[in-house]
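The values are calculated or read from the model by the stated rules, or taken from the named source; none is laboratory data. Keep in mind the model is a prediction, meaning the values are calculated, not measured. Counting neighbours? That spans all protein chains shown, and the Cβs are built from the backbone with ideal geometry, glycine included. Quick note on the areas: whole protein, heavy atoms, side chains included, nothing else; ligands and nucleic acids left out. Shrake-Rupley method; radii C 1.70, N 1.55, O 1.52, S 1.80 Å.
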Amino acid sequence: MKIKEIPGIPRQRKGSFHNTESIKKFDNPEMAVQEFIILKNRLYSVNEWKDFCGDGFAGFKLYDSSGNHVDRIPEKGDFIRIDIPGPGTLRSGFDWAKITDISDQYTKEDEFENISITCSPSKEPGNSSKKYIAHFYSSGATSTFMISRGNTYIKAAVYGRNETANLDADFLDCIRNLVIALGGMVGISKIQWKRLTDALLDF
């Protein structure tokens, strides 16, 4: 698969990657404007992503930098706790990602609005005793959740870059991380992300 170079998306340097996109088209620009407002609210409702996707999808919860669960619009420096189907990490019980960037600056010539949230694997927030990255991917991986509006369409997307297994962990966590990462490399994670991008537009 060809690497899609997109402004605002980290450059692919090593490991696996994916481009997962869903598009909803309309007959007129006014509908696209109205529906994008709803899409933006759904993107920001991290705590509800699992509800949008239904059973069998990972659970996502938003936390602040101190490790407190919050129910608000995500901010740079926040954390997302991920409860994927199957066993969690031995040390944390969950996978964690830190929001490293939130942007609404990038627009292509055929797009009028664009919002992105970029996350990277991280340690568990609010717990200084945790020295290992609590995620199945290594710290160099990124996931960018992006929504955009064109003249007569809206789009939801997830772009994964530099996805390699996190082997800087306890032995059993290394085995777990390797199995999950290999699943992502053969397309299993893309199936999950496609459920999310489809669900964000399903209203």
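Descriptive notes on the structure:
- Filtered residues of the range 162-180 (kept if at pLDDT 85 or above, surrounded by fewer than 23 Cβ atoms within 10 Å (Cβ to Cβ) and not hydroxyl-bearing (Ser, Thr, Tyr)): Asn162
- Residue satisfying all of: in the range 29-43; open to solvent by less than 50 Å² (accessible area, probe 1.4 Å) and among the aliphatic types (A, V, I, L, M); nearest to the chain's Cα centre (by Cα) among these: Leu43
- Within the range 44-62, the set of residues being in contact (Cβ under 8 Å) with a residue 40 or more places away in the chain and open to solvent by 30 Å² or more (accessible area, probe 1.4 Å) comprises just one member, Phe52.
- Number of the condition not met by Tyr44 [criteria: (1) at pLDDT below 95; (2) touching a Pro at 6+ places or on another chain (Cβ under 8 Å)]: (1)
- Assessment of the range 181-190 against the conditions (under 19 Å from the mean Cα position of the chain (by Cα), modelled with pLDDT of 95 or more, open to solvent by 20 Å² or more (accessible area, probe 1.4 Å) and under 30 Å from Lys24 (Cβ atoms)) yields no matching residue.
- Filter result (under 18 Å from Asp104 (Cβ atoms) and within 12 Å of the chain's Cα centre (by Cα)) within the range 148-169: Ala156, Ala157, Val158, Tyr159
- Taking the conditions (1) open to solvent by 20 Å² or more (accessible area, probe 1.4 Å); (2) within 27 Å of Ser122 (Cα to Cα); (3) in contact with a helix residue (DSSP H, G or I) (Cβ under 7 Å, 6 or more places away or on another chain); (4) not basic (Lys, Arg) in turn, Phe26 satisfies each one other than (2).
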